[in-house]
Structures are given as structure tokens and as C-alpha cells.
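Down below is the structure, laid out as C-alpha cells.
The values are calculated or read from the model by the stated rules, or taken from the named source; none is laboratory data. Note that the coordinates shown come from a computational prediction; the quantities given were computed from them, not determined experimentally. Neighbour counts are summed over all protein chains in view; Cβ atoms, including those assigned to glycine, are modelled from backbone coordinates with ideal geometry. Please note that ligands, DNA and RNA were not included when accessible areas were found on the heavy atoms of the full protein model with its side chains. Shrake-Rupley method; radii C 1.70, N 1.55, O 1.52, S 1.80 Å.
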Amino acid sequence: MRKSKVDYIGLVNLGATCYMNSLLQQLFHTPEFRKSLLMIEEKLIDDENNNQQSMGTKNDKDDQNGIGTKEKKTDNLNFYFELQNIFGELWKGNGFGVNTRKFCKSFTDWDGKPINPSVQEDCYEFLNRLFSKIEEHLKEKEEKNFLKDIFTGKTSGQIIALESGYISERCQDFYTISLDVIKKNNIYESLDQFISGDMLTGDNQYYSEVLGKKVDALKRTCFHTLPRVLILHLKRFEFNMQTLQRYKVDDRYEFPEELNVYKYTREGIMSEEKRNLQNIEEYETPNTCYDYELVGIIEHSGTAEYGHYYSFVRERESRKDQPIYTNNKWLKCNDYSVSKYDSEKLDSDCFGGPYSQSTSSNYYSNYSSSSMYKYRGSGNKSYSAYMLLYQRKDTLPKKEKETWPKFVPSQSSSKLFLDKLKENTNSSVNKKILNKSYYNFIVELANKGTTIKENENNQQLINSKKENDQKRLSRN
């Protein structure tokens, strides 16, 4: 295991935790999320349970890979603290990779069972569970809305009576949007389907309370308000009703680095249809920015039965107070390995579709030749994007040379973050002290100091001898 050549470190795969590692890296590289999470004051669970939960039980026969599988429910305070600890270690950037074992112990599923590191989960399902638990954990805190401020948007469910044009609308919060991939060539075709809607006619007519009767209507969904970070889930896994098996859609599916979603918002649709927004129930001021930039990709390699997750991340904050976005810097986060990535290869690495000689040889050079990564039968790549993260342009630095504001912890900052910050500073000092060039400089300086001292002593002896010689001559 060797340390990354970039300023970041990765996460240790405990067996089959690549799905978790990929998502946590995306969240860590979202500056607003990382800073908000670390700034919340947190502590371990009460002392009565602390030893059992943090130390674990050595005689537990069900303990595999260091993770207890008891069904005892773990306090959420522990899970949130361990998540902060992971982010603190990632920010510190020392070592080869952060171990997530304690987080796996404390993070429970809907049945109260901790993560089993030998069982791979769906990354999308894990994201939903993680966000739900964070939201539940923070509901009594002042910072309870920080997750919503970053990732939450609203969809508008509209029912339009064709006879009168009356629009009934109901809004719903979302963290992610799922898009169909099957029989679609690109993200625009999926979004077109997302807003297309269904006709309510015949026996399925819509009853309008305003008109007092059943009428033909159009039922559809569109974007109501847009989040800072838009997470799109690409439905690569489908269920075959004939074989009763899940399968992976590995067809080519394209997505842009810059995405404008105006067409898919209610104001965009209403403008296209020349309808008046003021006639909609619960009218609100429309969005002001519709342009997004691609900042993250969670990739899946393999089949519906087994595979591997890893992430591509666009750096949005420099570790060395240098301008960002100047070189379109991307990182590849593959468990403990974090390396530079050339975004020019996104097409061949993330769109899926048929193999080419160049892409297959380039891909397999980084992996084992195991058949796990080779999809048999279709001739399509087994690796493709599974989740996309887009950040709204008005929340990014506006100029190429602009940097993010320096993060200065307030007095109410998390003690954990301050400890990590102090530890990071000490580590940086130690690195400089132990640096070979610095060592050679100190030795050279010491040698020069010794030479100077010796010269001074020699000069004193010479001067003393001259004085003695002059005294003898004067006596004679």
C-alpha cells in the first residue's frame, strides 16, 4: 500500500465497503457539506455505553472483520461522531488510508443492525439511508437544515385540467432524482421523460373539486426549486419480469459537463406552453440560476450480482490556498488510492457502451484480469457512471483566479475539528523538520557554526601568542 501522490488520502476497503467509500469521498469533497458537518459540536455516547460501543466485545463470535453483528441498536451520536472523525482524518491527509471500522459499527440499518463489511450494498440506497439518519440526528439542533440547504430541491407534481386549464400543484422535497437509462441515449432524453407526464382519461379521469366533475387531465412532474448540488441517480439496474432477475443496463449513455435545466423547471415548461405562472396555486418566485457543472461521478464496474464502486471528483477547494478550476482538476478515488484524473477520459470511462481496443486495454491495466470486471455476452463495457453530482454555477467561484474563502473556525466549532486542525498543523511542522533537505541544511549550518567557532578560538590563540612574544621582547 503506497501513499497517494496528491494532497488527499483514501479510505480502507474492509471487504465490500467500496460503495460507502465512494459516497463518503464525494461528500468530503463537497466543501459546504464537509465544513457544516465538522462544525457541529458532537460527542461520543454516554460513558455507560461508551466502552462497549467504542472498544467492542472481544468474545463476540459473530464479530467479523472487527465489526460486531449484534442486533443491539447503537446510539446515533456515536455514528455522527465517527463520521466527523473520518472527515477529520481525510482532511488531515496523513497515512495511507482512513479506517472506517468504527463508523461501520455505529451506523445501523432500518432494523438496527450495523454495517456488515463483507456484504456489498447499493450506493444509492446507502445515500438515502445516510441522509435520513443525519436528518433525524440533527432535528433538535440549530444546524438541522444544513443538509437541506445543500442537497434539497423541490419537485412540483401538477395536474392540469385540459378543459379549463386549471392547474393543481403539490410540491415535494427531494435529495436525488432517478433517471431511466434503458432505451435512452443521454441525460436530456431521460429528463424529457421525467417531465412528460401521463394523460388521465376514460376510467382514470381526474375529479376536479373546482369544476365539480371528472375531466381529462395531464399529470406530470417538474422541478420547482433547484438545489445547490443536484444528485442524479442513473437507473443502471433493472428487473426482468420474465427471468425474475436483476440485470445491468450497460448501453452507452452520455451526460455533459455543463447542464442547463431551465427546460425542466415549472417556469420553463409554463413559458414554453405560454401559461401564466401567477395562476398556479402557492406561486413562488422562480429560480434565478439553471446552469450546473459536473463535479462528481460515482462509477460502478461489474454486473447486477457483484461489482465495484469508485469515484471521480472535481476538486472545488484547494488544499494549498491556490486557485481552483484553473486546470479543471479531477481526482480518482478508488478506496485507499487517490490519484489525479484526466477529465478528457470521461467519455471512454463513464458513458458505457461498446468496448474499443484502447479503452479496454487502458482500463484493465489498473485492475486484475479477473472475470469479475468483464461482462460476458453483450460486448459492452461493464463500467459506467451510476450517480452524477452537479453543482449550481452561482454557488461556485465566479472567476478562474478566485479562491474559496478561508475557513476560520468559530468559537462554537466542533472540538473534534479543532483537534484535527491542531494535529494537522503539528504534523506539517514535523514533516518540515524531518525533511531531508531541511536536515542537510541544519547539519551544514551546524558545521559552519563549528568552523566559525574554531576560527575564533584559533585567532584568540594567535593574538595571545603575539602578546606574549611582545612582552618577552620588551623585557629583553
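Scanning region 135-146 for residues that are surrounded by 14 or more Cβ atoms within 10 Å (Cβ to Cβ) and without any contact (Cβ under 8 Å) to a residue 60 or more places away in the chain yields a total of 3.
Of the residues in region 37-48, none is touching a helix residue (DSSP H, G or I) at 6+ places or on another chain (Cβ under 8 Å), surrounded by fewer than 21 Cβ atoms within 10 Å (Cβ to Cβ) and modelled with pLDDT of 95 or more. What tally of residues in region 205-242 results from selecting those that are open to solvent by 30 Å² or more (accessible area, probe 1.4 Å), under 18 Å from Y188 (Cα atoms) and of a type in the set (V, I, T)? The number of residues fulfilling the criteria is 1.
Does region 165-181 hold any residues that are open to solvent by less than 70 Å² (accessible area, probe 1.4 Å) and modelled with pLDDT of 95 or more, and which are they? Those that are open to solvent by less than 70 Å² (accessible area, probe 1.4 Å) and modelled with pLDDT of 95 or more: F174, Y175, T176, I177, S178, L179, D180, V181.
Please go through region 223-254 and give me each residue that is of a type in the set (S, T, N, Q) and part of a loop (DSSP other than H, G, I, E, B), ordered by number. Passing the criteria: Q242, T243. Determine whether region 249-261 contains at least one residue that is open to solvent by less than 80 Å² (accessible area, probe 1.4 Å), without any contact (Cβ under 8 Å) to a residue 40 or more places away in the chain and over 27 Å from the mean Cα position of the chain (by Cα). Checked against the condition, which is being open to solvent by less than 80 Å² (accessible area, probe 1.4 Å), without any contact (Cβ under 8 Å) to a residue 40 or more places away in the chain and over 27 Å from the mean Cα position of the chain (by Cα), region 249-261 yields no hits at all. If the condition is being in contact with a helix residue (DSSP H, G or I) (Cβ under 6 Å, 6 or more places away or on another chain), in a loop (DSSP other than H, G, I, E, B) and of a type in the set (D, E, K, R), then region 284-316 contributes only R316.
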